[in-house]
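Written out below as structure tokens is the structure these notes cover.
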Amino acid sequence: MSKSSIKKLARTGLVGVITKRLSKVGKASDAPAKDLLDYYPNKLAAALHPKAQQVIIKEIKEFSPDMKSIYFAPNPAKGTDSLAWFSAGQYLSISVDIEGKTFKRPYSIASSPADTLNGFYMLTIKRVGGGIVSQYILDNWKEGMEVTVSAPLGDFSYERLRDANTVIGIAGGSGITPFRSLAKAISEGDEPCSLVLLYGSRTLKDAVFSDEIEEMSKKCGKIKLVNVLSDEKAEGCESGFITAGLIKKYAPEGDYSIFMCGPQAMYNFADKEIEKLGIRRKFVRHELFGEYFHPERNEDYTGNIEDRFNLTVTIAGKTTTIPCDANTTLLRAMEAAGLNPPSDCRSGRCGWCHSQLLSGKVYIPASVDGRRLADKEFGYIHPCCTFPLSDLAIDVPPMPQ
Amino acid sequence: MKEYDVIVVGAGNGGLVAGTTTAQAGYKTLILEKHNLPGGCATSFIRGRFEFEPSLHELCAESTSSELESTKKIFADFDASVELFHEDTLYRAICKDKEMGYDVVMRADIENFLDDIEAAVPGCRASVAAFLNLCRNIDGAQVYMATGKNGMKLNPFVLMNKYGDFMRTASHTTEEVEIALGIPEKARSIMNTYWGYLGVPTDDLSALHFISLLTAYMQVRPTMPYKRSHELSLNLVKAFQGFGGEIRYNSEVTRFLFDEKGKAIGVVANGEEYHAKKIISNIIPNNVINRSDAKKLPKRFRKLANARKFGMTFVTVYLGLDRTREELGIDDYSVFITRDKDPRVQFETRKDCGYYVVNCLNKALPDATPKGTSTLFFTIPFMPGDFPEDLTPRQYKEFKNSIAEKYIKDYEETLGISVRPYIEEISIATPVTFARYLGTPEGAIYGYDTGNWDNVVGRTAMEPMEFNIPNLYFCGGHSTMGDGFPSGYITGDRTGRKVVKDLRKEGK
């Protein structure tokens, strides 16, 4: 075992390495390299996460003038032959062109994952007071129109290694949509959990999809629906709000996961109720909070909400200066100016609008500050949740073509 | 059309360093990146209250004994040093082999390592020391090669006479050299644990490559930035921009442009043409060929791409746990779990818990996660072809979960601890995820397999002959050095310098 035993090995082997290499390369084909999509993991990645999906409005079902379900089918003429699979709870970011400007909004998919195999996604869209996009969709979208949507996105989905076997769904208003998808996915065998859905509405008439989910629960023992009505009493329904007591009443023994989707007011109420239950943070999940309004209501806000600033935006080397009010996120200001910046979740979480702050001061509400540690250090922001406190300059990635 | 001196395609580790080098030298440089973040694998992502890193949180060659080409020096040269943290143990290796199992903790620093391996396998110290000692000759030879007047052109006589051990390790596998030195089997098994970081079992892995990795780890210790690798990447971007460089995200290069004579002249991104005197590709040659008029590329270049095998990819499982590592009983930064003593068998049983690594960042950086929590990171090797080709999109989620479940269970049983009930966040990446973000064939992380004929020695020796497209340069894991962050940084540094030198030579 002396050191000299290494001397047994030849020093000239390098020649062999090179000869072998020359021979291997010499014998290989000189054809162009195989297409990326000929490799299966790349093909599956493209199917699961297309850069965009081109769809066509196949059908519109009207619940009321203020609420419609839109069915999207693939638009092969524009390059989308089939719709991407998703996990119940995910959303699509849809692009809406209004007067030459592109606006984007995230909407939960209300249809089930298996419905993609039947060739459709269904979204249910409710008119939001002051929401130009929902307004535009409800008033203008017609069957046969072409729309661009994102790949399915978001992580408001059941994860069996993380979550309890039973999900207590707390839904408010149009927050029912991801739960309709989850209920259907459970009934179709695509999710292994049980669902107890506490569905808050003003009256039973307002509880869209209630009948449908009730039907699903009759066929599938893993789904239970409880309508919780605030403004009326009805047989078989709970009345009032979704309280800790109500959750306890319907919860299974042992652990359960709470998934919540609804308006901010519902989160504010439900979060306090859930706190009383003393359950671990890992068992409580919220859907995206959505657009942020009224930063001035936060104690740490230092600006003057009436102020108006100039926002200088550089996208792919082109610089424009646009107005941006103190009460408006940088993202909304850019959209209003027709700059078509990237955005998906609009809640500070997905990172798609990630941009560089070149100069100026901003306010980012802590509850929606989804930035990485190093982003904070090096001056990167998510314009969807960032408000100006001074004139600003930012560098924003272009929408990829 | 926009004109630049240098265009870098891809803001991975190599691309960022190459671009910063040319920008620092005063050349008008543009980096085009397909993603909306820099760094390639050197990035991070957020789930709930956890910030995860997609790759292993460690640099193995922050500096090497030669100090010639080190990550530390590269960052320092840009005045972009990042505060780095170190972990004193290299790894704990648990081998469940029925006849020759072991559970050892190996510490960094050569003397400690030798003490630990001697304790595990009495009598092996001298032979292991002889093996590690070879690194001096290797380092010397590498300095000779990198600083020689003729660049990478080697004088075989000087190499054979002065750097004989280098020549031996360069042309033999790790195991051939270990056996020649008389290292006992069990000691070989323990010291070969890191083979997975290079993706090639030690019976096929160049001894030079492995010794360089192992000794770099020993001397420098596993090293990591505080704010995940995103900190390293943003820091490089800052330096790059400080030197006047321009970086564009969401700008995938879809076409490489050549003139009649086959000289690279520019690229196309987002439908726009960009021209430059020099193009540096941080993306894998296969993707360059796919985006070029292949006829204009040298025949050898196309043949090489077709001759090569893609290297390792991974399934990685990121866990955010709602207990501290102390509460859970996680004692180690890196645990390697194997079923058989032989790396070849470990490699072959990789789909069945034969070889995997579990890291706990909190051991090295206690407050890497919020108070009362911790994180675990599973690295499970996958080779091209391992991914089932009949898997449908519908089956994909359960496919990921079942792999994660199997490995978490094996880890819990091996360590006798429980983590699954404490999972607050989980994210699972597969070759599909890497294919999506990196855009490499098969989701290969480091480009090509460094085993057998395509080892780092052959790559380095043949580079001038194989990569001779006028004005087109390459850097990154697919280049000469193979796997790891440092090889990205170092090849980026070498390429950036070469481009500067060539531009100056051409009087530009």
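The values are calculated or read from the model by the stated rules, or taken from the named source; none is laboratory data. Quantities reported herein were computed from a predicted structural model and do not represent experimental measurements. Every residue, glycine as well, gets a Cβ built from its backbone with ideal geometry; the counts of neighbours run over all protein chains shown.
Scan the stretch B:44-63 and give yes if some residue there is under 30 Å from B:His275 (Cβ atoms), touching a helix residue (DSSP H, G or I) at 6+ places or on another chain (Cβ under 7 Å) and small (Gly, Ala, Ser), otherwise no. Within the stretch B:44-63, not a single residue is under 30 Å from B:His275 (Cβ atoms), touching a helix residue (DSSP H, G or I) at 6+ places or on another chain (Cβ under 7 Å) and small (Gly, Ala, Ser).
Here is a yes/no grid of residues against (1) surrounded by fewer than 17 Cβ atoms within 10 Å (Cβ to Cβ); (2) outside any loop (DSSP other than H, G, I, E, B):
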| position | (1), (2) |
| --- | --- |
| A:Ser5 | yes, yes |
| A:Arg11 | no, no |
| A:Gly16 | yes, yes |
| A:Ser29 | yes, no |
| A:Asn42 | no, yes |
| A:Ile57 | no, yes |
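Among the residues of the stretch A:132-150, the ones that are surrounded by fewer than 20 Cβ atoms within 10 Å (Cβ to Cβ) and under 22 Å from A:Gly175 (Cβ atoms) come to 5 in all. Restricting attention to the stretch B:175-198, the residues being under 19 Å from B:Val104 (Cβ atoms) and either assigned by TED's automatic domain parsing to the domain that holds B:Arg344 or outside any loop (DSSP other than H, G, I, E, B) (or both) number 11.
Residues that are closer than 21 Å to B:Leu37 by Cβ and touching a residue at least 40 places away in the same chain (Cβ under 8 Å) are absent from the stretch B:455-470. Among the listed residues B:Arg459, B:Arg420, B:Arg394, identify the single one that is closer than 30 Å to B:Asp103 by Cα and either under 16 Å from the mean Cα position of the chain (by Cα) or within 9 Å of another protein chain (Cβ to nearest Cβ) (or both). Testing whether each residue is closer than 30 Å to B:Asp103 by Cα and either under 16 Å from the mean Cα position of the chain (by Cα) or within 9 Å of another protein chain (Cβ to nearest Cβ) (or both) leaves just B:Arg420. In the stretch A:232-288, the residue that is farthest from the other protein chains (Cβ to nearest Cβ) out of those that are within 11 Å of A:Leu198 (Cβ to Cβ) and part of a strand (DSSP E or B) is A:Glu238. Scanning the stretch B:165-180 for residues that are surrounded by 24 or more Cβ atoms within 10 Å (Cβ to Cβ), more than 7 Å from chain A (Cβ to nearest Cβ) and either among the hydrophobic types (A, V, I, L, M, F, W, C) or under 14 Å from B:Val457 (Cα atoms) (or both) yields a total of 3. Selection over the stretch A:27-48 of residues that are more than 8 Å from chain B (Cβ to nearest Cβ) and acidic (Asp, Glu) gives a count of 1. If you check A:Lys51 against the conditions, is it within 14 Å of chain B (Cβ to nearest Cβ), over 29 Å from B:Leu438 (Cβ atoms), of a type outside the set (Val, Ile, Thr) and surrounded by fewer than 17 Cβ atoms within 10 Å (Cβ to Cβ)? Answer is no for this residue. Within the stretch B:298-345, being within 12 Å of chain A (Cβ to nearest Cβ) and part of a loop (DSSP other than H, G, I, E, B) holds for B:Pro298, B:Arg308, B:Lys309, B:Asp322, B:Arg323.
Apart from one condition, A:Tyr256 fits all of (1) in contact with a Gly (Cβ under 9 Å, 6 or more places away or on another chain); (2) crowded, with 16+ Cβ neighbours inside 10 Å; the exception is (1). Within the stretch A:61-74, can one find any residue that is buried (at least 20 other Cβ atoms within 10 Å of the Cβ), among the aromatic types (Phe, Trp, Tyr) and assigned to a loop (DSSP other than H, G, I, E, B)? Looking through the stretch A:61-74, none of the residues is buried (at least 20 other Cβ atoms within 10 Å of the Cβ), among the aromatic types (Phe, Trp, Tyr) and assigned to a loop (DSSP other than H, G, I, E, B). Under 9 Å by Cβ, and 6 or more places apart or on different chains, what pairs join a residue from the stretch A:355-370 that is away from chain B (no Cβ under 14 Å) and surrounded by fewer than 16 Cβ atoms within 10 Å (Cβ to Cβ) with one that is in a strand (DSSP E or B) and not acidic (Asp, Glu)? Matching pairs, first to second residue: A:Lys361/A:Pro388; A:Lys361/A:Leu392. Going through (1) surrounded by 18 or more Cβ atoms within 10 Å (Cβ to Cβ); (2) closer than 21 Å to B:Ser233 by Cβ; (3) within 12 Å of chain B (Cβ to nearest Cβ) one by one, A:Asp344 falls short only on (2). With respect to the conditions (1) assigned by TED's automatic domain parsing to the domain that holds B:Lys400; (2) under 30 Å from B:Trp453 (Cα atoms); (3) crowded, with 23+ Cβ neighbours inside 10 Å, B:Tyr333 falls short on a single one, namely (2). Taking the conditions (1) of a type outside the set (Phe, Trp, Tyr); (2) closer than 30 Å to B:Phe399 by Cβ; (3) out of contact with any Leu (no Cβ under 9 Å at 6 or more places or on another chain) in turn, A:Ala46 satisfies each one other than (3). If only residues of the stretch B:64-75 that are of a type in the set (Gly, Ala, Ser) and surrounded by fewer than 21 Cβ atoms within 10 Å (Cβ to Cβ) are counted, the one that is modelled with the highest pLDDT is B:Ser66.
Can you find a residue that is polar (S, T, N, Q), over 23 Å from the mean Cα position of the chain (by Cα) and surrounded by 24 or more Cβ atoms within 10 Å (Cβ to Cβ) anywhere in the stretch B:25-32? Yes: one or more hits. Looking only at the stretch A:272-292, residues that are free of Cβ contacts under 8 Å to residues at least 12 places away in the same chain and within 25 Å of the chain's Cα centre (by Cα) come to 3 in all. When A:Ile168 is tested against (1) under 25 Å from A:Met216 (Cβ atoms); (2) under 15 Å from the mean Cα position of the chain (by Cα), exactly one condition is not met: (2).
For the stretch B:386-399, a residue qualifies if it is assigned to a loop (DSSP other than H, G, I, E, B) and either of a type in the set (A, V, I, L, M) or touching a residue at least 24 places away in the same chain (Cβ under 8 Å) (or both), and the qualifying residues are B:Asp386, B:Phe387, B:Leu391. Scanning the stretch A:300-318 for residues that are without any contact (Cβ under 8 Å) to a residue 40 or more places away in the chain and closer than 30 Å to A:Gln401 by Cα gives A:Gly317, A:Lys318. Counting residues in the stretch A:131-143 that are without any contact (Cβ under 8 Å) to a residue 60 or more places away in the chain, under 16 Å from the mean Cα position of the chain (by Cα) and closer than 16 Å to A:Asp66 by Cα gives zero. The set of residues in the stretch B:423-438 being under 21 Å from the mean Cα position of the chain (by Cα) and facing chain A (nearest Cβ under 7 Å) consists of B:Pro431, B:Val432, B:Ala435, B:Arg436.
Provide a single number: the residues in the stretch B:249-274 that are within 19 Å of A:Gln401 (Cα to Cα) and touching a Phe, Trp or Tyr at 6+ places or on another chain (Cβ under 7 Å). Number of matching residues: 3.
Criterion first (out of contact with any Asp or Glu (no Cβ under 6 Å at 6 or more places or on another chain) and either free of Cβ contacts under 8 Å to residues at least 24 places away in the same chain or closer than 22 Å to A:Phe289 by Cα (or both)) does A:Gly338 satisfy it? No, not satisfied. Quickly run through the stretch A:318-367 and pick out the residues that are out of contact with any strand residue (DSSP E or B) (no Cβ under 6 Å at 6 or more places or on another chain) and aromatic (Phe, Trp, Tyr). Of everything in the stretch A:318-367, just one residue is out of contact with any strand residue (DSSP E or B) (no Cβ under 6 Å at 6 or more places or on another chain) and aromatic (Phe, Trp, Tyr), namely A:Trp352.
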